[in-house]
Amino acid sequence: MIGNMHVYKGERISASQLIMMIELMDRPMYGYELIKAMREEYEGVWVPQTGSVYPALRRLQEHGLLSVENLEGKDHYTLTIEGHDWLDGTLASMSSGMLFMARTMSIMGRAYLNRKGQVEGFVPLDEEAPRRRLDALKEIRDTMQINMRMIETHIQELEKEVMD
């Protein structure tokens, strides 16, 4: 499992469980489909294992954040309404923290590369194939646009509050 934990009604939610929920935001997935999606996202950095993912999914279900439906012999996981609400609130409260963490990780990564030369399995963006560079840059742009919209919304809300 990765990262720090979060809390839902006093229950611990790990960063990897949070990632599972994010993967399930748009559509239900069966277990192995979810594992494959997570492996693609973390390729070269982390390999989610079935032995940890399925128990984590069960815990999320026990907390009421996921529901499961067996279709054609496969358990399909879906965020519940409570799961969507908790995830939306958690992500909204993390926005400035995520920006800080991303900047911190960038600084730490540069420092490590300067000291050690290279990280096993790490390929700097400028050494990636053009298609992967393009995809990575588009993803960064899209994330920045989302964050800018969120910041603009917060600014507008604060301006209204200040004017009242």
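The values are calculated or read from the model by the stated rules, or taken from the named source; none is laboratory data. It should be emphasised that the depicted structure is a prediction, and the values quoted were computed from it without experimental measurement. Note that we place each Cβ from the backbone using ideal geometry, even for glycine, and neighbour counts take in every protein chain shown.
Below, the figures for the structure above:
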| item | result |
| --- | --- |
| Per-region count, segment 52-77, residues surrounded by fewer than 18 Cβ atoms within 10 Å (Cβ to Cβ), in contact with an Asp or Glu (Cβ under 7 Å, 6 or more places away or on another chain) and under 16 Å from I35 (Cα atoms) | 1 |
| Residue selected from segment 78-89 under the condition of a type in the set (V, I, T) and in contact with a strand residue (DSSP E or B) (Cβ under 6 Å, 6 or more places away or on another chain), by the criterion farthest from E33 (Cα to Cα) | T80 |
| Tally of residues being of a type in the set (G, A, S), touching a residue at least 24 places away in the same chain (Cβ under 8 Å) and surrounded by 14 or more Cβ atoms within 10 Å (Cβ to Cβ) across segment 27-51 | 1 |
| Some residue of segment 61-68 being hydroxyl-bearing (S, T, Y) and in contact (Cβ under 8 Å) with a residue 24 or more places away in the chain | no |
| The lone exception for Y8 - which of (1) farther than 13 Å from H84 by Cα; (2) modelled with pLDDT under 90 it fails | (1) |
| Members of segment 59-78 found to be small (G, A, S) and at pLDDT below 95, listed by number | G73 |
| Of all residues making up segment 79-100, the number that are closer than 30 Å to S67 by Cβ and either modelled with pLDDT under 80 or among the basic types (K, R) (or both) | 5 |
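Table: residues versus (1) at pLDDT below 80; (2) surrounded by 10 or more Cβ atoms within 10 Å (Cβ to Cβ); (3) assigned to a helix (DSSP H, G or I).
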position	(1), (2), (3)
A102	yes, yes, yes
L113	yes, yes, yes
E120	yes, no, no
V123	yes, yes, no
D126	yes, no, yes
R131	yes, no, yes
A136	yes, yes, yes
D142	yes, yes, yes
E159	no, yes, yes
